[in-house]
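Here's the structure we're looking at; comments come further down.
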Amino acid sequence: MRHLTATDIAAFERIYRLNLVNGLPGYKPANLVGTRAPDGQTNLAVFSSAIHLGSDPAVLGLVTRPTTVPRHTYQNIKDSDGCYTLNHVPFNLAGPAHYTSANFPDEESEFDRCGFTAAFRDDFPAPYVAESAISIGLRLREEHPIFNGTVLLVGTVEHVYIAEKGLRDDGTLDLAALNTTAISGLDGYHEVLAPLRFGYARPGQVPAAVKN
Ligand SMILES: Cc1cc2nc3c(=O)[nH]c(=O)nc-3n(C[C@H](O)[C@H](O)[C@H](O)COP(=O)(O)O)c2cc1C
């Protein structure tokens, strides 16, 4: 087994390090973040950093890269009363979703360039992705700067839209049925299988450990 230390990682060539470290968390969710500038220009970008931060109230986090260079997503969120949307990437559109990460000029919308449809729903100012089977409307509540220059954006969930077949009777989401995508590293997109489910774990239900 290969052993890598912090010193080894720091000494790697930049792209090698980027590839390696981006894979360390394992599979990540694939989301398209939809925003709109005050002049009406829409923006769409793939993000793999969405995390659950709490259910009551419903709070999700998103990590944005250092804002030392202009970030349309971040700026639009700040300029539009904190509103943005998260839209799960349908696996059949993983390629177009990936290309939203290209550096398009201000006046070009990734919705148009990458072939997604902007949908405006229930008076929310940020655009949803019509092709997504799950979309969430969020409002920025807090920003936490991280020591390395990235920023954790903490948003409260204001709206959720789910295709009926993806919502089970117990409230769990059937992400496989919805064709939602998982990401590995910076350019790997995975189709997912139906899960094995075990329910809420109680001590009395834990089987005796099996030794190989
Ligand atoms: C697979 C993948 C995952 C990404 N995840 C993030 C992320 O979590 N946070 C982030 O700031 N950028 C992420 N990016 C980069 C953005 O998609 C990219 O910087 C995009 O151009 C941002 O656009 P903007 O300037 O319109 O905000 C990711 C890119 C790829 C390809």
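Check whether at least one residue in region 166-184 is in a loop (DSSP other than H, G, I, E, B) and under 16 Å from Ile51 (Cα atoms), and report yes or no.
Looking for residues that are in a loop (DSSP other than H, G, I, E, B) and under 16 Å from Ile51 (Cα atoms), one finds at least one in region 166-184, hence yes.
Since Ser48 meets every condition but one in (1) in contact with a Leu (Cβ under 7 Å, 6 or more places away or on another chain); (2) under 25 Å from Glu191 (Cα atoms); (3) among the small types (Gly, Ala, Ser), which condition does it not meet?
Of the numbered conditions (1) in contact with a Leu (Cβ under 7 Å, 6 or more places away or on another chain); (2) under 25 Å from Glu191 (Cα atoms); (3) among the small types (Gly, Ala, Ser), the odd one out for Ser48 is (1).
Do the conditions hold for Thr172, that is, is it within 15 Å of the chain's Cα centre (by Cα) and of a type outside the set (Phe, Trp, Tyr)?
no
Hand me the list of strands (runs of 3 or more DSSP E) wholly inside region 1-114 holding 2 or more residues that are out of contact with any Pro (no Cβ under 6 Å at 6 or more places or on another chain), β-branched (Val, Ile, Thr) and within 10 Å of the ligand (Cβ to nearest atom).
The qualifying strands (runs of 3 or more DSSP E) are 31-36, 58-64.
Would you point out the residue of region 115-140, among those that are closer than 18 Å to Ala37 by Cα and among the β-branched types (Val, Ile, Thr), that is nearest to the ligand (Cβ to nearest atom)?
My answer is Val129.
Scan region 180-195 and report the pairs whose first residue is near the ligand (Cβ under 8 Å from one of its atoms) and whose second residue is part of a loop (DSSP other than H, G, I, E, B), with Cβ atoms within less than 6 Å and a gap of 6+ or a chain change.
Once the first residue is near the ligand (Cβ under 8 Å from one of its atoms) and sits in region 180-195, its partners that are part of a loop (DSSP other than H, G, I, E, B) give Ile183/Ala30; Ile183/Ser48.
For region 141-165, how many residues are of a type outside the set (Asp, Glu) and either more than 16 Å from the ligand (Cβ to nearest atom) or not in a strand (DSSP E or B) (or both)?
Here the count works out to 14.
Checking Gly149 against (1) in contact (Cβ under 8 Å) with a residue 40 or more places away in the chain; (2) over 21 Å from His72 (Cα atoms); (3) of a type in the set (Gly, Ala, Ser), which single condition isn't satisfied?
(2)
Tell me the residue from Pro195, Pro207 that is exposed (fewer than 10 other Cβ atoms within 10 Å of the Cβ) and either in a loop (DSSP other than H, G, I, E, B) or hydrophobic (A, V, I, L, M, F, W, C) (or both), please. So that I can check it myself, show each step before the final result.
Values: Pro195 fails: exposed (fewer than 10 other Cβ atoms within 10 Å of the Cβ).
None of the others qualify; the one that does is Pro207.
Any read-out appearing in this document is the output of simple, stated calculations on the displayed coordinates, not a laboratory observation. All of these numbers come straight from a predicted model, not from anything done at the bench. Neighbour counts run over all protein chains shown; Cβ positions are idealised from the backbone, glycine included.
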